[in-house]
């Protein structure tokens, strides 16, 4: 049963995305988002930690984790759209750049390896923490453009590193700490 815990935490994140959307559609109080967003990020952190400790960290589980991240944060973005439409419209180009950098990393991975990327670099992990901070700032504290601008800078840097890792690797890279720590030809 313990071996299923990492996949359960990843699935929890997939389920929290629709919860965020439903809260936005129901115009729930802003503080409701705080525990949901924190739970989503904690599930993202601990699914991998537990998978490694329990010896179940497979490339398939790591890719499931990556897909869950994208689905979860797209639903969070949709909730931000519902609640903070003017901030999103005012930052449409920046958000477009962020989404383009995400799509580019996925496209490079599919072109090179026919697989979803699962690099999980330190910079990508930092980007995940910045996503948490930005979404809390936007949804809970009604922050303005600064949260999006900061997030986009980190996102583009993280996705650029992922693309470089994907281009340098000979096999589908999984859990590569940084492009600077890559062994020749792989992760």
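Flag not set for residue 158, criterion: in contact with a strand residue (DSSP E or B) (Cβ under 6 Å, 6 or more places away or on another chain) and buried (at least 20 other Cβ atoms within 10 Å of the Cβ). Scanning the stretch 117-128 for residues that are surrounded by fewer than 19 Cβ atoms within 10 Å (Cβ to Cβ) and farther than 12 Å from residue 155 by Cβ, we see that the one that is farthest from the chain's Cα centre (by Cα) is 122.
Any residue at all in the stretch 37-50 that is under 23 Å from residue 175 (Cβ atoms) and more than 17 Å from the chain's Cα centre (by Cα)? For the stretch 37-50, residues under 23 Å from residue 175 (Cβ atoms) and more than 17 Å from the chain's Cα centre (by Cα): present.
Confirm whether residue 103 is exposed (fewer than 15 other Cβ atoms within 10 Å of the Cβ), within 15 Å of the chain's Cα centre (by Cα) and either without any contact (Cβ under 8 Å) to a residue 12 or more places away in the chain or more than 26 Å from residue 12 (Cβ to Cβ) (or both).
Values: exposed (fewer than 15 other Cβ atoms within 10 Å of the Cβ): yes; within 15 Å of the chain's Cα centre (by Cα): yes; either without any contact (Cβ under 8 Å) to a residue 12 or more places away in the chain or more than 26 Å from residue 12 (Cβ to Cβ) (or both): yes.
Judged against the criteria, residue 103 is a match.
Taken over the stretch 1-39, the criterion of being under 20 Å from residue 132 (Cα atoms), assigned to a helix (DSSP H, G or I) and without any contact (Cβ under 8 Å) to a residue 40 or more places away in the chain is satisfied by 12, 15, 19, 22, 32, 35, 36, 39.
Scanning the stretch 46-69 for residues that are surrounded by 15 or more Cβ atoms within 10 Å (Cβ to Cβ) and either closer than 17 Å to residue 19 by Cα or free of Cβ contacts under 8 Å to residues at least 12 places away in the same chain (or both) yields a count of 2.
No lab work stands behind these numbers, since they all come straight from the coordinates. Since the structure is predicted, the reported quantities are computational estimates derived from the model, not experimental observations. Positions of Cβ are backbone-derived with ideal geometry, glycine not excepted, and every protein chain shown enters the neighbour counts.
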